[in-house]
Amino acid sequence: MTIEEKIDLLSGKDGGQTMDIPRLGIPSLRVTDGPHGVGWGVKATCFPTDIAMASSWNTDLVYQVGQALADETRATGRHVLLAPCINIHRTPLGGRNFESFGEDPCLAGRMAVAYVKGVQSRRIGTSVKHYACNNQEWERHTISVEIDERALREIYLPAFKAAVAEADPWTVMAAYNKVRGKWCAENPYLLNDILKNEWGFEGVVVSDWGATHSTMD
């Protein structure tokens, strides 16, 4: 690959697909929103929201929902479902609480593993999001979350760790916000130290839409 081709793969052809490289037979990777149905302007089944799925405590059922979501993702010509959302509920005013699995890290982790395994059993990728600490609506795109290590490790990271370690998602989506003053999409502690080195993640890190703020970092 040339330098130009490598850089092309770091950005998108448009809002929903990566650049293709015909010279090398590398196709465009097409993504679509989730988590409870295939989005992006197509007609598709609206499944129960994640918080409703979590209330079932039924991982086998969530696995089957994942398989159905994968089939619908493929039917729309997409390769990756941008889901599941596994942020922890820390305030009832969180605008995307319905897309997550609740306030319990253990339950969220069990649901996440079942969801990812269900989708990816059909060879459709997932994007576990939003990594990390994207848990409130106020200044969602700009806030710096100042959090101590114990709270980070015991509350906000366990579901992500479970998904990565047990289900091997194709991608993990970096969140909009900052953690301890560093944007999540360029946060060496979250991305390198924890995600890659501690948890052994070998997939692709995807920024949330509009969540990148520089090139060098």
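The values are calculated or read from the model by the stated rules, or taken from the named source; none is laboratory data. What you see is a predicted model, and the numbers here were worked out from it, not measured in a lab. With ideal geometry, Cβ positions are generated from the backbone for all residues, glycine too; neighbour counts draw on all protein chains shown. SASA here: full protein model, heavy atoms, side chains in, ligands and nucleic acids out. Shrake-Rupley method; radii C 1.70, N 1.55, O 1.52, S 1.80 Å.
Observations on the model:
- Consider the range 80-96 and keep the residues that are in contact with an Asp or Glu (Cβ under 9 Å, 6 or more places away or on another chain) and at pLDDT below 95. The one that is surrounded by the most Cβ atoms within 10 Å (Cβ to Cβ) is Gly94.
- Checklist (1) modelled with pLDDT of 95 or more; (2) open to solvent by 10 Å² or more (accessible area, probe 1.4 Å) applied to Arg140, failing item: (1)
- If you check Ala112, Ala44 for being of a type in the set (A, V, I, L, M, F, W, C) and at pLDDT below 95, only one passes: Ala44.
- Single match in Ala165, Ala159 (criterion: crowded, with 22+ Cβ neighbours inside 10 Å, touching a residue at least 12 places away in the same chain (Cβ under 8 Å) and assigned to a helix (DSSP H, G or I)): Ala159
- The set of residues in the range 36-66 that are open to solvent by less than 40 Å² (accessible area, probe 1.4 Å) and either more than 23 Å from Val172 (Cα to Cα) or assigned to a helix (DSSP H, G or I) (or both) comprises Asp50, Met53, Ala54, Val62, Val65, Gly66.
- If you go through the range 7-35 and keep only what is over 14 Å from Val80 (Cα atoms) and loosely packed, with under 13 Cβ neighbours inside 10 Å, you end up with Ile7, Leu10, Ser11, Asp14, Pro22, Arg23, Leu24, Gly25.
- Answer residue from the range 68-125, given it is in contact (Cβ under 8 Å) with a residue 60 or more places away in the chain and among the β-branched types (Val, Ile, Thr) and is nearest to Pro48 (Cα to Cα) among those: Ile86
- In the range 201-217, the residues that are of a type in the set (S, T, N, Q) form Cβ pairs under 6 Å with partners that are open to solvent by less than 90 Å² (accessible area, probe 1.4 Å), at six or more places apart or across chains, as follows: Ser207/Ala174; Ser207/Ala185; Thr212/Ala185.
- Residues that are part of a strand (DSSP E or B) and of a type in the set (A, V, I, L, M) within the range 16-35 comprise Ile21, Ile26, Val31, listed in sequence order.
- Boolean, Lys6 is part of a strand (DSSP E or B) and within 30 Å of His213 (Cβ to Cβ): no
- Pick from the range 168-190, criterion without any contact (Cβ under 8 Å) to a residue 40 or more places away in the chain and outside any loop (DSSP other than H, G, I, E, B), ranking: most open to solvent (accessible area, probe 1.4 Å): Lys182
- Any hit, the range 70-88, residues being of a type in the set (Gly, Ala, Ser) and assigned to a helix (DSSP H, G or I): yes
- Taking the range 114-134 as the range and being crowded, with 24+ Cβ neighbours inside 10 Å and not small (Gly, Ala, Ser) as the test, the residues that pass are Tyr115, Val116, Val119, Thr126, Val128, Lys129, His130, Tyr131, Cys133, Asn134.
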